[in-house]
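The values are calculated or read from the model by the stated rules, or taken from the named source; none is laboratory data. Given the structure is predicted, the values throughout are model-derived calculations rather than measurements. For neighbour counting, all protein chains shown are included, and Cβ atoms are generated from backbone atoms with ideal geometry for every residue, glycine included. Note: areas computed on protein heavy atoms with side chains; ligands, DNA, RNA excluded. Shrake-Rupley method; radii C 1.70, N 1.55, O 1.52, S 1.80 Å.
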Amino acid sequence: LGDPVVGIVMGSDSDLDVMNAASEVLLALEIPCEMRILSAHRTPDRAAEWARNAEAAGLKVIIAGAGLAAHLAGAMAAHSDLPVIGVPLAAGPLAGFDALLSTVQMPGGVPVATVAIGKAGARNAAWLAARILALSDDRLRERLREERLAQAAAVEEKDRRLAEGRR
Ligand code: RP5
């Protein structure tokens, strides 16, 4: 697929199952990505160094997923000028509400575009990354338009089936 343009980082290997949902969407859209385990708390220097090098390495968007007191997306935004999309993950007794607040409540000037908790958010992070990339990629933009129309057609078909008593 070529060199990665999206970096997917996560705080732990226990996040991998959920964050794979992001890479699957990117793969389906033929957008090359790389995945890394970097922790804002357990490996703060490695995480910061990776974020500082991300743009020079050719990445255009960073997706960061973490649970609990989730600071990974914020750390990415602190050390890079690339757009950062944060995915709050459900990793403890607060079911992701902790990670949601930690990810979304960034101070001014250090933005993290925060999506929903868990797999739905991981998928949408990839779709959002694709929309950002499509700003400078007409082929991708057309592909996203087709996907959106196909999604609408699928819902219309379900509605028809329901109305006709076929479901
Ligand atoms: C966070 O702590 C990780 O992103 C993960 O969601 C959570 C738990 O990590 P493990 O204890 O499973 O490694 O930093």
Checking Arg148, Arg139, Arg143 in turn, the sole residue that is within 30 Å of Asp15 (Cβ to Cβ) and either open to solvent by 90 Å² or more (accessible area, probe 1.4 Å) or modelled with pLDDT under 95 (or both) turns out to be Arg148
Pairs returned, first residue in the range 104-120 that is without any contact (Cβ under 8 Å) to a residue 24 or more places away in the chain, second residue that is of a type outside the set (Lys, Arg) and surrounded by 15 or more Cβ atoms within 10 Å (Cβ to Cβ), beta-carbon separation under 6 angstrom, 6 or more apart or interchain, are Val104/Thr114
Arg166 modelled with pLDDT under 95 and exposed (fewer than 11 other Cβ atoms within 10 Å of the Cβ): yes
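Identify, please: which residue in the range 1-25 is near the ligand (Cβ under 9 Å from one of its atoms) and over 24 Å from Asp81 (Cα atoms) and is, among those, most open to solvent (accessible area, probe 1.4 Å)? Reasoning before the result, please.
Just the residues of the range 1-25 that are near the ligand (Cβ under 9 Å from one of its atoms), to begin with: 10-15, 18.
Now drop any that are not over 24 Å from Asp81 (Cα atoms), which leaves 13-15, 18.
Details: Asp13: 108, Ser14: 93, Asp15: 12, Val18: 37 Å².
Among residues in the range 1-25 that are near the ligand (Cβ under 9 Å from one of its atoms) and over 24 Å from Asp81 (Cα atoms), the one most open to solvent (accessible area, probe 1.4 Å) is Asp13.
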Residue pairs within 6 Å by beta carbon, gap of at least six or interchain, first lying in the range 134-148 and without any contact (Cβ under 8 Å) to a residue 40 or more places away in the chain, second open to solvent by 70 Å² or more (accessible area, probe 1.4 Å), listed first then second, are Ala134/Arg141
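Listed residues Ala69, Ala99; which is without any contact (Cβ under 8 Å) to a residue 60 or more places away in the chain and outside any helix (DSSP H, G or I)? Spell out how you get there, then give the answer.
On the way: Ala99 fails: outside any helix (DSSP H, G or I).
The conditions single out Ala69.
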Checked the range 59-106 for anything more than 15 Å from the ligand (Cβ to nearest atom), surrounded by fewer than 19 Cβ atoms within 10 Å (Cβ to Cβ) and either at positive phi or of a type in the set (Val, Ile, Thr) (or both); matches are Val104
Log entry, pairs with first residue in the range 78-94 being free of Cβ contacts under 8 Å to residues at least 40 places away in the same chain and in a strand (DSSP E or B), second being open to solvent by 10 Å² or more (accessible area, probe 1.4 Å) and not basic (Lys, Arg), beta carbons closer than 6 Å, six or more apart or on different chains, reads Val84/Ala77; Val84/Val112; Gly86/Val112; Gly86/Thr114; Pro88/Leu100; Pro88/Ile117
Checked the range 26-58 for anything within 13 Å of the ligand (Cβ to nearest atom), crowded, with 23+ Cβ neighbours inside 10 Å and part of a helix (DSSP H, G or I); matches are Ala47
